[in-house]
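Peer 1: Quick one: the structure is below, and I'll ask about it shortly.
The values are calculated or read from the model by the stated rules, or taken from the named source; none is laboratory data. On a predicted model such as this, the values are computed, not experimentally measured, just so you know. A quick note on method: Cβ atoms are made from the backbone with ideal geometry, for glycine too, and the neighbour counts reach across all protein chains shown. Only protein heavy atoms, including side chains, enter the accessible area calculation; ligands, DNA and RNA are left aside. Shrake-Rupley method; radii C 1.70, N 1.55, O 1.52, S 1.80 Å.
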Amino acid sequence: MISLLLAAATALAPAAAPVADPVKLTQFTPADQAAALAHWTPERMRAAGQESADRAERVATPWAGPVPRGVGRLFITERPGPETWCTATAVAKDVVLTAAHCVWPGFTRWEEPIEARDIVFAPGYDQGRTPLGVFAAKAFLIQQTYPKESSPDVAMVVLAPRDGRHVGDLAGTQRLSFTPPASLQTTILGYPGSKAGLGERLFRCAVTAKPAGRWNTPCDMAGGSSGGPWFTGFDPRTGLGTIYSVTSKGAMEVDESTGEVYTKELEGTTLSAADRVLLTRAEQVS
């Protein structure tokens, strides 16, 4: 009798609720990918940053020499909205790391959702040149918390191979760290849209990061540098380091002497164990 009662109680127990997926995946069809590659002509890429109200950087300086391994310019069309760009870095054979707000722009002032379309990555981009080709996004992944909380500001973008060749094989990849760095001496790279850069040139900040929930630095790169890598242990000779954060947002000020806008400091998102899961899932996208 006892065993029968236990069996009945077990049968009446409610089913366990399904575990919510912590990762939000958005995919693009082959037709979407082809349209993105056709859309981003060299002329469109150069035109994306030709208008700027941002003062030239005073802390960040132009990168001299070949663009470091895996770093490039990520082009995006916002609908509704402009043609724009961010910075991204190859971290796996078909995956680049950037900021979530680059691929999930949010809403217009009228609460219309903004969609990121025509996403392509140009590794090694330099003043209109795309020496390693252009790769279309087949998917992007963010944390489920981002659309409501705007955090964490991290995204993985999965790229389709071109002619059987993978972005990581052509451009190389950078290492990631999902724990705070031992040294806060930091190199930040990005394609700022200031009057000095116009998104066409890679810039660099060599600064000391300060932990404040996120990471803060006096780097003054303008918009367009979002998603750019924050390196610890960066070697300028080899262009290699370990990424522990990406550029999330900047504190803006107005230069009263000129009326120009400028970035006072940059804030970076800390990479965490959840972002390791994001990368693993990105590598599994077929």
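Peer 1: Based on alpha-carbon atoms only, what is the radius of gyration of the chain relative to the globular estimate 2.2 N^0.38 Å? Each step should come with its number before you reach the end.
Peer 2: Numbers: Rg = 20.8 Å, N = 286, 2.2 N^0.38 = 18.9 Å.
In units of the 2.2 N^0.38 Å rule of thumb, it is 1.10.
Peer 1: At 1.4 Å probe radius, can you tell me the per residue accessible area of the chain in Å²? All intermediate terms of the calculation are to be shown ahead of the outcome.
Peer 2: Numbers: 13740 Å² over 286 residues.
Using a 1.4 Å probe on heavy atoms only, each residue of the chain averages 48 Å².
Peer 1: For the range 137-286, what is the convex hull volume of its Cα atoms per residue in Å³?
Peer 2: Once divided by residue count, the hull of the range 137-286 is 139 Å³.
Peer 1: Divide the volume of the convex hull of the Cα atoms of the range 13-132 by its number of residues and quote the answer in cubic angstrom per residue.
Peer 2: 200 Å³
Peer 1: Counting other Cβ atoms within 10 Å, which GluC sites (Glu not before Pro) in the range 97-206 have at most 16 and lie in a DSSP loop?
Peer 2: Those satisfying the criteria are E111.
Peer 1: Please report Rg over Rh for the range 86-156, where both radii come from the alpha carbon positions and Rh follows the Kirkwood definition.
Peer 2: The Rg/Rh ratio comes out at 1.01.
Peer 1: Tell me, in nm to one decimal, what length is gained between A38 and A273 on full extension, where the rule is 0.36 nm per residue of separation less the Cα-Cα distance? Let's see the in-between values first.
Peer 2: Working: separation 235, 0.36 × 235 = 84.60 nm, distance 3.66 nm.
Result: 80.9 nm gained on full extension.
Peer 1: Heavy atoms only, probe 1.4 angstrom, no DNA, RNA or ligands counted: give me T269, T61 ranked by accessible area, highest first.
Peer 2: T61, T269
Peer 1: Which length gain, in nm to one decimal place, applies between T208 and V261 when the Cα-Cα distance is subtracted from 0.36 nm times their residue separation?
Peer 2: 16.7 nm
Peer 1: Pop out the carbon and sulfur fraction of the accessible area of the chain as a percent, whole number, probe 1.4 Å.
Peer 2: 54 percent
Peer 1: On to the next question. How much mean residue ellipticity at 222 nm does the chain get from its helices, if each DSSP H run of length 4 or more adds -39500 (n - 2.57) and you divide by all residues, to the nearest 500 deg cm²/dmol?
Peer 2: Values: 7 runs with 52 residues, N = 286.
Helix-only estimate at 222 nm: -4500 deg cm²/dmol.
Peer 1: While we're looking at this one, here's another question. Test of understanding: what is the full-extension gain from S150 to Q50, defined as 0.36 nm times their sequence separation minus their Cα-Cα distance?
Peer 2: Full extension from S150 to Q50 adds 33.2 nm.
Peer 1: Kindly provide the chymotrypsin sites (Phe, Trp or Tyr not before Pro) of the range 44-148 that DSSP labels as loop, not H, G, I, E or B, and whose Cβ sees at most 13 other Cβ atoms within 10 Å.
Peer 2: W110
Peer 1: While we're here: Which lysines, if any, have their Cα less than 24 Å from the Cα of K264, not counting same-chain residues under 8 positions apart?
Peer 2: Within the straight-line cut-off, K264 pairs with K195, K210, K249.
Peer 1: Using DSSP H assignments, which helices in the chain have an axial alpha-carbon span of 15 Å or above and a mean Kyte-Doolittle hydropathy of -0.5 or higher?
Peer 2: Details: long enough: 2-12 (16 Å, 2.31); 273-284 (17 Å, -0.25).
Result, helices passing both filters: 2-12, 273-284.
Peer 1: Before anything else, pin down the relative contact order of the range 100-252: Cα pairs under 8 Å, at least 6 apart, normalised by residue count, whole percent. Walk me through the intermediate numbers first.
Peer 2: Details: 271 pairs, mean separation 28.3, N = 153.
The value is 18 percent.
Peer 1: While we're on this one: Which three semi-axes in whole Å describe the equivalent ellipsoid of the range 127-216, each the square root of 5 times a Cα gyration tensor eigenvalue, listed largest first? Can you show the working numbers first?
Peer 2: Working: eigenvalues 134, 86, 47 Å².
Equivalent-ellipsoid dimensions as semi-axes: 26, 21, 15 Å.
Peer 1: At 7 Å along the Cα-to-beta-carbon direction for both A20 and D169, put a label point, then send me their distance in nm to one decimal.
Peer 2: Here the modelled spin labels are 4.0 nm apart.
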